[in-house]
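First comes the structure, then the notes that go with it.
The values are calculated or read from the model by the stated rules, or taken from the named source; none is laboratory data. Everything quoted here is computed from the prediction, not taken from an experiment. For neighbour counting, all protein chains shown are included, and Cβ atoms are generated from backbone atoms with ideal geometry for every residue, glycine included. For accessibility, only protein heavy atoms count, side chains too; no ligands or nucleic acids. Shrake-Rupley method; radii C 1.70, N 1.55, O 1.52, S 1.80 Å.
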Amino acid sequence: MELLAFLLAVLAIAFFLAKAIGKRGARKVKIKRPIRASGFREARSAEFRAEASELTTSSSLVALEEPPALSKPPLVDTVDSDLDWIYGSQCAGKTPGEILGMMFPQARLVEKQDWTSLKNSAESKKDLDLMLACCKAEIETSQSQLVFPQPECFKCVARLLRKRKDYARELSVVELYWQLCDSVYEEVKRRVGLRAQLMAQHSALKAGFQKRYDKARILLTTKSENAALMTH
């Protein structure tokens, strides 16, 4: 009986020890698993955050990067030789107004302008069409009243043509003005006779364009020679 009681006590002690050991092992397993899982998740989360940061940075760079500006064509200062207009035989039998319209087709449509109302305006003197309208008015006044045309608006047109390197039309404008002066001079001389004042005024008006005319002839010759060299 004593032996049986001893064995039962040993078995009870073993049972309690086994149970205690099992609970402790279970606790270790429960503690270790969340630690490993947490560490894995943190590592993966760090990787994901790094990747997300890289994607966000690159995306922001792409969004902020401006598209390259389109290249603009270079500005080229060209001189069109087809614009040259020579005062020649095609003007025979034409009135000065008709000749002006042949040289500048836009002059046929513009309304006449009074030069005296524009002569003090620097901006108006830079407007070719406006100056042509003044020339148109001067031509009609000169022919209807037999007075010499005001030279200033014709000089403005010639100056603007010089800037455009349209030397042929510049020469033609001067020749047109000279024709107007000659026609007034001849008609007044025929009606009232030759007078010194008339001769002096006629000569002075024509001489006022002579230097410009001579220079334009040289420039036109040089332009033509350069154009001929480029074609060969």
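For the residue pairs 94/163; 126/189; 189/223, the C-alpha atoms sit more than 31 angstrom apart in 126/189; 189/223. Starting from one equal scatterer on each C-alpha and no solvent at all, send me the Debye-based log10 I(q)/I(0) for segment 97-184 at q = 0.12, 0.23 Å⁻¹, two decimals. Rounded to two decimals, the profile gives -0.30, -1.20. Normalised by 2.2 N^0.38 Å, with N the number of residues, the alpha-carbon radius of gyration of segment 122-163 equals 1.16.
Which distance in nm do the two modelled labels at residue 120 and residue 217 give, with both placed 7 Å along the Cα-to-Cβ direction? My value for the distance between the label points is 3.9 nm.
Given R0 = 22 Å, the distance between the Cβ atoms of residue 140 and residue 204 translates into a calculated FRET efficiency of 0.45. Among 172-183, 134-145, 217-228, the peptide with the highest mean count of other Cβ atoms within 10 Å heads the list, and the full ranking is 172-183, 134-145, 217-228.
One chain, two ends: residue 163 and residue 197. Fully extended at 0.36 nm per residue, the span grows by 8.7 nm beyond their Cα-Cα distance. A 1.4 Å probe run over the protein chains yields, for segment 111-217, 54 Å² of accessible area per residue, whole-number rounding.
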